[in-house]
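Visitor: Pasting a structure below so you can have a look.
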Amino acid sequence: KMNIFCIADTHFDHDKLSEYDARPVDFTSRIISNCHKVLKEDDLLIHLGDFMMGKPEKWTAILSAIPGRKVLVKGNHDSKSYSWYMNNGFHFSCRDFGWRLFGIKILFSHRPRFEGEFDLNIHGHLHAGRHRDIKTDHRHYLISLEKNNYQPEKLDTIVEIWKKENDL
């Protein structure tokens, strides 16, 4: 059975995050280790942007170390073309996408979105919420590695939590 997971803002090879005390020094290995704990080869990982900051030659090694099929929703630090990401380890790359699952319309994006028709917007970009001044509402769910022990979140669990928080 395929499970779907979401992750965002991995910022692999972005050592300054540790210098700013935003993340532990070993955050890259922590994320990869946690991916191995939860992801299987049949699973789908939706990465909601800001994958990696380092040199492109390291990307393949990191991507191949993460099990499953991978989709990249490009973030503000993902500056290469969609096809570049697909030629370098992602199965698909896009700006955002909608998917009707669990009886609701889910929008997957890097930054929170306010326009468009969706019930739930799963996004990243805000990290732990302390360095961006963007106010979200009940339709938004933040994927935050800093708040989730540096591991992917299972989509059906996200939807369950969101429905419970919104009395749906």
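Visitor: Hey, if we sort Ile161, Ile66 by accessible area with the 1.4 Å probe, largest down, what's the order? Numbers along the way, then the final one.
Guide: Details: Ile161 65, Ile66 10 Å².
The ordering from most to least exposed comes out as Ile161, Ile66.
Visitor: If you don't mind, another one. So, for the stretch 101-168, what is the accessible surface per residue at a probe of 1.4 Å, expressed in square angstrom? Write out the running numbers ahead of the final one.
Guide: Numbers: 3660 Å² over 68 residues.
Per residue, the stretch 101-168 has an accessible area of 54 Å².
Visitor: In addition: How much solvent-accessible surface does Ile104 expose, in Å² to the nearest 10, with a 1.4 Å probe and all protein chains in place?
Guide: Probe radius 1.4 Å; accessible area of Ile104 about 20 Å².
Visitor: Straight distance only, please: which aspartates and glutamates reach the Cα of Lys70 with their own Cα at less than 12 Å, same-chain residues fewer than 8 apart left out?
Guide: Within the straight-line cut-off, Lys70 pairs with Glu41, Asp42, Asp43.
Visitor: Can you give the relative contact order of the stretch 1-55 as a percent, counting alpha carbon pairs under 8 Å and 6+ residues apart? Don't jump to the answer; show the numbers that get you there.
Guide: Working: 60 pairs, mean separation 36.5, N = 55.
With pairs under 8 Å counted, the relative contact order is 66 percent.
Visitor: Here is a follow-up. Most fluctuating residue of Phe27, Phe114, Phe92 in a GNM of the chain with Cα springs under 10 Å: which is it?
Guide: Result: Phe114 has the largest fluctuation of those listed.
Visitor: Normalising by the residue count of the chain, find the relative contact order in percent from Cα pairs under 8 Å and 6+ residues apart. Mind showing how you got there, number by number?
Guide: Working: 319 pairs, mean separation 40.8, N = 168.
With pairs under 8 Å counted, the relative contact order is 24 percent.
Visitor: Taking R0 as 25 Å, what's the FRET efficiency between Thr60 and Trp99 from their Cβ-Cβ distance, rounded to 0.05? Display every interim value, and only then the final one.
Guide: Numbers: r = 27 Å, r/R0 = 1.09.
That pair, Thr60 with Trp99, gives E of 0.35.
Visitor: Specify the longest stretch of the chain that does not include any exposed loop site, a site being one of the GluC sites (Glu not before Pro) with a non-H, G, I, E, B DSSP assignment and at most 12 other Cβ atoms within 10 Å. Present the calculation step by step, with values, prior to reporting the outcome.
Guide: On the way: sites that count: Glu41, Glu115, Glu117.
With a cap of 12 other Cβ atoms within 10 Å, the longest stretch comes to 42-114.
Visitor: Counting only protein heavy atoms, what percent of the accessible surface of the chain is carbon or sulfur at a 1.4 Å probe?
Guide: Ligands and nucleic acids excluded, carbon and sulfur give 50 percent.
Visitor: Further, regarding this structure: Which order, highest average first, do 46-54, 74-82 follow once you tally other Cβ atoms within 10 Å for each residue and take the mean per peptide? Intermediate values should be presented prior to the final figure.
Guide: Working: 46-54: 22.8, 74-82: 15.6.
Put in order of decreasing packing, that is 46-54, 74-82.
Visitor: If the chain between Asn87 and Lys163 were fully stretched, how many nm would it gain, using 0.36 nm times the residue separation less the Cα-Cα distance? Present the calculation step by step, with values, prior to reporting the outcome.
Guide: Values: separation 76, 0.36 × 76 = 27.36 nm, distance 3.66 nm.
This chain segment gains 23.7 nm when fully extended.
Visitor: Please tell me the relative contact order of the stretch 85-125 in percent, rounded to the nearest whole number, where contacts are Cα pairs under 8 Å and at least six residues apart.
Guide: On the way: 57 pairs, mean separation 11.9, N = 41.
Contact order relative to length: 29 percent.
The values are calculated or read from the model by the stated rules, or taken from the named source; none is laboratory data. Nothing here was measured: the structure is a model prediction, and the numbers come from that model. As a convention, Cβ positions derive from the backbone with ideal geometry for all residues, glycine included, and neighbour counts pool all protein chains shown. When the accessible area is computed, the model is the full protein with side chains, heavy atoms only, and any ligands, DNA or RNA have been set aside. Shrake-Rupley method; radii C 1.70, N 1.55, O 1.52, S 1.80 Å.
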